[in-house]
Each structure stands twice: as C-alpha cells, then as structure tokens.
C-alpha cells in the first residue's frame, strides 16, 4: 500500500509560506510595470498602503515561516489576485497565487483554527516572533482586565530584601516594598483593594520600616515620602492574619486620578538560612500575585551578600491555581508554569543598575529604606525580572536552593 503518512505540521506550514512567497512575487512581476515599492503596488492594484507594506515585508523574508507571520490574510490576498486579473496578469500566475492562497486559508481554518492560532504555532518555531506575539496577546489581556477591574497602573513593582537578622537571630529578615506608579481609576467608583498579611496569628508580626506594628497602625505601611498625588481615602479591615487595605478615589477618574503609592513591610526572622541535607523542603522563595492591571512590572530580589551565598534565584511565572501562592517545594505546582519568555537578570552589587525611568526616584527609595534599617547598599546583590503587560491573576515566583547545613 502507498505511504499516506503526512509530513510534520511544521513542514506543511512552511511549504504554504514558500508557495505564498513565490507565487505572489511572480504575480507582482506579471505586469509590465512590475511594481516593487509598497506605494507602487498600492497604486497599481488599487490596494491600501498598509496592505502593500505588509505584503512587501512578507515577501522580503527568506524564512517561509516569517513570510506567513507577516503576510496579509487570505481575503485581501484574494482581492489582489482579482485586481491582477484585471491588469492582464497571465492566467497561470493567477492560478498559482490562488492555489497558494487557498492552502493558506486551509491552514488557518482547519489546522490552527484562526489567524491568531497560526501566529501562536509559528511563534514556537520562530524565536524572533515569540516576544512580539506574546506581547500582543498580553497587551490585549491587559486592556480587558483594565476595563473589568476599573483600575490600572503604569508600573507595578515588588521589591524583596532578604538580610541577616539581628544579633543572636539565626533567621533572615524580609522587607518588602510594593509600588503602584500612575495608579488610576478608569471606571468611576472602582476601588483598589490590597491584602497584606499583618502576622496577627503568627509569632513574628509585620512592621513598617519605622518599626511600628502594622496591626496597631495600618497607615504606617505607607512610605509617604515616595507617594505622589492627592491623598486617597484609605480604610483598613482585619480578616484573619491579613489587613485588607481599600483605597478609594472618590469622584476622581481618568488621568487626573493617577497616584503613586508605595508601601513597605518588614517581617523579622522570616527566612531559614539553610536546611539539612535530607530536608523535605530544600528550597525557599517569594511569590507575588499580579492583582492590578499594569503595563509594566518589576520584581527585584535584593539579597545581602551573606544570604544564600552562591545561590541565584530561579524565576517562574505560574497560574494562581486552586492552591494559592506557589510553594517552591511543591513540585506539583511546576505543572502550572506559564510558557512565557520572561527571565531574571543579575544586576550586580549595589543599586545603581536598578535605576529606571519607569520608577521615579527608585534608587533613592532603596537607599532611604536601607538608611532606616541601617543596612549597607554596597553589600546587596540584586536581581531583576521586568515584564511588559504581566498576566493578571498570574504569580511571579523567585526561588532559591537553600545552602546545606554543615555539622
């Protein structure tokens, strides 16, 4: 019996891209004027400029997958074929272009499902396309959640310091900064709610950077020197060991409602410095959930040089899942990881490489906090994850393999 095995889908899709590139180039060369510049193609065939530019970009690609990623859709290509027929392009060239376009439409409808599905398939094989396609999808999700939540930020940052505890304290302290820059109300009446664990049921309660109990004075968590804009109405309610903060804009909405809000919380003796060789929990880490639609997100991990020496954090973006924050020791949560191209960068010792125009006075903030805590910025090693349009409802985790205890 004849071998009816079809070639791999990557080969099939690549062949469609090759046929499109070859047949439509011949089509454009089939008239006496042989237009090549996008403006000439648009004028000769009566097509719009955007179509002509996309077609020209696609035909310049040497990779057939890149051609497919850039080429216009089947319907405008069909209109080009009809316009070429009226210009007297030979019938064999028209038939070749029609066959290639029909194969293109078949791949979209019966293999990928739609054009965005085809883009997603191509992105897996074409690394240079991955970031753009992912970013377009995340930007669309951001716009949708901005409307549903009624709030949005230009930039959200989450900064975690881990520093050795005080004299006689074997565990490391944790200090977290939460920033919402350009936070605004996009729908009248939409509040911002943040849930911060105050430690009321834990042996080590949360403090402000001034050493004030957040449970006793909830407003102390605000770092007023780095907040900007008219004060928001603030209320706080305790639920279990969490303080739920609600910021209310009142009647403010749109650009005029934009605020910068920065909060700081200290938890002493929070992290284990090491673990036994046979420990069932050999890792530690910090997880932050994306709860505000934002165009840009920073997660900075700042470690004293004596914290987890020789260990660099591993970053994962995960689904929130049914189990809440992802424990780095729960291997089952690894299956909830999202396949995104984001990464963590080592930024060296000190804060100077953390400077960014997206967070005004950020280095000043870090130095201010270190001054309050009597920490030396030059002894801090820094790591950063920067994500454009982070996925609302996802969580970003930085985790470490703990050093092993020595006898």
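Applying a threshold of 6 Å to beta carbon distances and a minimum spacing of six or more residues, or different chains, the list of pairs starting in segment 392-407 at a residue that is at positive phi and ending at one that is in a loop (DSSP other than H, G, I, E, B) reads 393/320. When each of 326, 269 is tested for being assigned by TED's automatic domain parsing to the domain that holds residue 168 and closer than 24 Å to residue 394 by Cα, the lone residue that passes is 326. Residues satisfying the criterion are present in segment 307-323 (criterion: in contact with a strand residue (DSSP E or B) (Cβ under 7 Å, 6 or more places away or on another chain), at pLDDT 90 or above and either outside the structural domain of residue 178 (by TED's automatic domain parsing) or over 12 Å from residue 398 (Cα atoms) (or both)). Inside segment 330-345, residues that are in a loop (DSSP other than H, G, I, E, B) and crowded, with 16+ Cβ neighbours inside 10 Å make up a count of 3. Considering only residues that are surrounded by fewer than 18 Cβ atoms within 10 Å (Cβ to Cβ) and modelled with pLDDT of 90 or more, which ones fall in segment 26-38? 26, the sole residue that qualifies. Taken over segment 199-228, residues that are over 25 Å from residue 370 (Cβ atoms) and either modelled with pLDDT of 80 or more or in a strand (DSSP E or B) (or both) amount to 0.
The values are calculated or read from the model by the stated rules, or taken from the named source; none is laboratory data. Since the model is a prediction, treat every value here as computed from it, not as a measurement. All Cβ positions, even for glycine, are placed from backbone atoms using ideal geometry, and neighbour counts span all protein chains on display.
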